[in-house]
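In what follows, a single structure is set out as structure tokens and then discussed.
The values are calculated or read from the model by the stated rules, or taken from the named source; none is laboratory data. Being a predicted model, the structure only gives us computed values, none of them experimental. We place every Cβ from the backbone using ideal geometry, glycine too, and count neighbours over all the protein chains shown. We work out accessible area using only protein heavy atoms, side chains counted, and drop any ligands, DNA or RNA first. Shrake-Rupley method; radii C 1.70, N 1.55, O 1.52, S 1.80 Å.
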Amino acid sequence: MYFKGEISLGIGDNWFPIGSLRQGVGISGDDIGNIRLKDVSGIQSVLTIENLTTFFRWNEPGSLIIYLGGYHNSVRRSLLKAIYECLPTAKYYHFGDIDAGGFEIYRDLCEKTGIPFEMYHMDLDTLVKYQKYGKALTENDRIRLEKLRNGAMAKESELIQYMLEHNVKLEQECIVREEL
């Protein structure tokens, strides 16, 4: 897992301030389950990101940014729950592809962690803005989107309908953060 933000990560008796690391820090293996956080007072949101390229490129002031690499596993799930316990008043967002896989990863993340994640830049306005970088849907995409649309909330349903009507999906790497 990769992390970045104005926090300190602890493992054992060692603390590492990671705020000055523009592209963050990666922790792997069993160490992920032993991570602790401190110096979190400036964190207003926690943002999980599906794609590593986007993680390295993305900066969001006041956020703890976490690269998940698609579907999370039990160790990552435990860490996300621990972060939620540490930062219960923060807003939680997931940033993934605007495609069937991105929606499925988002739903899996919400269901298995119990954390109230919201979709981040996974909306109709974003898709329309970057549509020229989109790709055509495959037949499998259409089948998966139809299945998702049946269980979707109104906002997702509108987005999925647009995707089906305009034969488009969008990889998150195409989305560029505009400076504040």
Volume per residue of the C-alpha convex hull in the range 10-87, rounded to whole Å³: 93 Å³
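Taking only protein heavy atoms and a 1.4 Å probe, what accessible area per residue, in Å², does the chain have with all protein chains in place? Could the numbers behind the result be given before it?
Values: 9330 Å² over 180 residues.
Ligands and nucleic acids excluded, the figure is 52 Å² per residue.
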Ranked by how many other beta carbons lie within 10 Å on average, peptides 1-10, 27-36 from highest: 1-10, 27-36
Ellipsoid equivalent to the range 103-155 - semi-axes via the Cα gyration tensor, in Å: 21, 16, 10
The chain: relative contact order as a whole-number percent, Cα under 8 Å and 6+ apart: 19 percent
Rounded to 5, percent antiparallel among DSSP beta bridges of the chain: 55 percent
Pair-distance profile P(r), taking every C-alpha pair of the range 59-180, with 10 angstrom steps and integer %: 12, 43, 32, 12, 0
Accessible carbon and sulfur surface of the chain relative to its total accessible area, %, 1.4 Å: 49 percent
Violating pairs (Cα-Cα greater than 29 angstrom) within the set K38/K129; K4/K112; K91/K112; K112/K132; K112/K147; K81/K135: K38/K129; K112/K132; K81/K135
